[in-house]
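Below you'll find the structure, written out as structure tokens, and then a few comments.
We did not get these values from a lab; they are worked out from the coordinates using the rules stated. In this text, all values refer to a predicted model and were calculated from it rather than measured experimentally. Virtual Cβ from ideal backbone geometry, glycine too; neighbours counted across all protein chains shown.
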């Protein structure tokens, strides 16, 4: 089930005294369940900090962050860890795949960690890899044997294998060429459209942002503009382009 996100007058400060830095300043933002939102802005604007708060990797200094109406600060660390594992999928610029695991083992790992028997975990990993169009011949390879675009699609399969309601993606095309990046963005758009998955994307790229339903711009820790599109780009709204 897709999850809604809400930030209510959120601030985040690091350090103390003269060394204190305010990364976010009184930010309020609502993301509807099933919406695809891109966070844009220059380096240091607070995009990744906001993503970390939404993903329960950090807590605000002031204000509230709510996921499906639940205040994340009221959860214990163990509860937040369980929430990340079961309800939030993560995709990063650097892929973060285990280099000594096969592709299939990388995708199955979260399920085995959750206690699924190995056979079920492998079956669900196979279904996930097929969903992101990774050929079966590649499932037994190591990540280093794949292209960057293929590795990112494997990372997306791993992020989705536990059935999360929210996908957070931090510069997922930053290490990819433009063609591979377009394939990944189109895949995110397809997953959002077909599965109703809530997607929160951090990007510097206006091309990447164009795949979202709404762009939220941050500067100096504040939301300065939000632009809603009538629809995502045709490539994002339809099926992902065929992968090479």
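Inter-label distance, residue 26 to residue 119: 6.0 nm, where each label sits 7 Å from its Cα along the C-beta direction. Residues 113, 211, arranged from fewest to most other Cβ atoms within 10 angstrom of their Cβ, appear as 113, 211.
Segment residue 195..residue 137, full-extension length gain: 18.3 nm, with 0.36 nm per residue of separation and the alpha-carbon distance subtracted. For the chain, the relative contact order comes to 27 percent (Cα pairs under 8 Å, sequence separation of at least 6). Multiplying the residue separation of residue 227 and residue 96 by 0.36 nm and removing their Cα-Cα distance gives an extension gain of 44.0 nm. By the count of neighbouring beta-carbon atoms within 10 Å, fewest first, 88, 156 end up ordered 88, 156.
For segment 92-148, the relative contact order works out to 47 percent when only alpha carbon pairs closer than 8 Å and six or more residues apart are counted. If one takes the longest principal axis of the Cα atoms in the chain, at what angle in degrees, from 0 to 90 and to the nearest 10, does the Cα axis of helix 148-160 lie? Here the helix axis deviates by roughly 70 degrees. The Cα center of segment 56-116 and the Cα center of segment 204-220 differ in position by 23 Å. Fully extending the segment from residue 76 to residue 220 would add 48.8 nm, taking 0.36 nm per residue of separation and subtracting the current Cα-Cα distance.
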